[in-house]
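Reviewing the structure listed below.
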Amino acid sequence: MNPPPTALIAEDEPLLAQALQAELALAWPELRVLGVVGDGASAVAQALQHQPDVLFFDIRMPGQSGLEAAAALADAWPMEAGAKPFPALVFATAYDQYACQAFEAQAVDYLLKPVQAARLSRTVTRLRAALAQRTSADAQARLEQTLGQLRGLLGGGALSAGTAPAPLQVIQASSSTALGSSIRMVPVAEVVYFEAADKYLRVLTAGHEYLIRTPLKELLAQLDSQVFWQIHRGTVVRATAIDTVTRDESGKLSISLRGRSERLAVSRLYAQLFRAM
């Protein structure tokens, strides 16, 4: 007899999490909920520890969003021979026309909050069918499919409406000096890569490092995606500055950049950029 299916719920509003659990108990009695967490980082850690069959991720959570947490989990998920397939994903969101269109376009299941019994029943039917067809042999293919869906959701900007500002020509950045701090206008043409660091964004040129307070997500909307490639959740590099691409024994990619000595990790989410290399 097969073990009962398992799930993890990531929802930062306790009442909504309780409501989802109660509805799941009615719609899918054999499903075993392994736990409820309230933030993206905890969701990733618990999912890696327990390896559930299904993940219910709230879109808006403290720290990482549900989408960002799913991407981080996909990057860290074990893929050695015999490893458990990546979980089926269901995202919960308050009604948002753009979010719903994005999920439907990427064929990712979603629930509107507060969860309705009829809608959850359809989701459960889809999940049962997906789990019945899942095997360890096609784990890699299914993870690649999930990565493609997440790229579409994270990269398409469909979860937020609005017009992106004009591309930057210069960046106002600060750098530490012996006498305090100074402000410099750094031409974007000099930037080799950007890297998120706590509350700041590091701006790296061939010979210097600066800090700006602009979040990476906001800056991405102002950068030419053909010029700057996102290779990790917190890293964006100038494509023409890439010198070498290396794959280690576990299949993970890293790159070196002209003008910089460090190596940068490439997440699974963005590995398709280097497939032809």
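Here are the numbers:
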{"quantity": "³J(HN,Hα) computed for each position of region 10-15 - Karplus, 6.51 cos²θ - 1.76 cosθ + 1.60, integer Hz, glycine/proline x", "calculated": "10, 8, 8, 9, x, 5"}
{"quantity": "Reachable lysines from Lys199, criterion Cα separation under 19 angstrom, eight or more residues apart if same chain", "calculated": "Lys217"}
{"quantity": "Per-residue Cβ neighbour rank within 10 angstrom, fewest leading, Tyr200, Tyr110", "calculated": "Tyr200, Tyr110"}
{"quantity": "23 Å Cα-Cα reach of Lys252 towards lysines, excluding residues that sit fewer than 8 places from it in its own chain", "calculated": "Lys84"}
{"quantity": "Three-way shape label, region 1-54, alpha-carbon gyration tensor, a/c 1.5", "calculated": "oblate"}
{"quantity": "Placed amide H near Thr205: partners under 5 Å, 5+ positions off or other chain", "calculated": "Val192, Tyr210"}
{"quantity": "Region 6-155 shape via C-alpha gyration tensor axes, a/c threshold 1.5", "calculated": "rounded"}
{"quantity": "Over the chain, relative contact order from alpha-carbon pairs under 8 Å, at least 6 apart, %", "calculated": "12 percent"}
{"quantity": "Alpha-carbon centroids, region 1-19 and region 43-61: separation in whole Å", "calculated": "9 Å"}
{"quantity": "Likely footprinting exposure, Ile212, Ile183, Ile242, fewest C-beta neighbours within 10 Å first", "calculated": "Ile183, Ile212, Ile242"}
{"quantity": "Antiparallel DSSP beta bridges within the chain, as percent of all bridges there, nearest 5", "calculated": "65 percent"}
{"quantity": "Expected 222 nm ellipticity per residue - DSSP helices of 4 or more, -39500 (n - 2.57), all of the chain, to 500", "calculated": "-9500 deg cm²/dmol"}
{"quantity": "Amide H within-cut-off set for Ala92, under 5 Å, with H built and near neighbours excluded", "calculated": "Phe57, Asp58, Ile59, Leu111"}
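Laboratory data are not the source of any read-out in this text; all were calculated from the coordinates shown. Remember, it's a predicted structure, so these values are computed and weren't measured experimentally. Methodologically, a virtual Cβ is constructed for each residue, glycine included, from the backbone with ideal geometry; neighbour enumeration extends over all protein chains shown.
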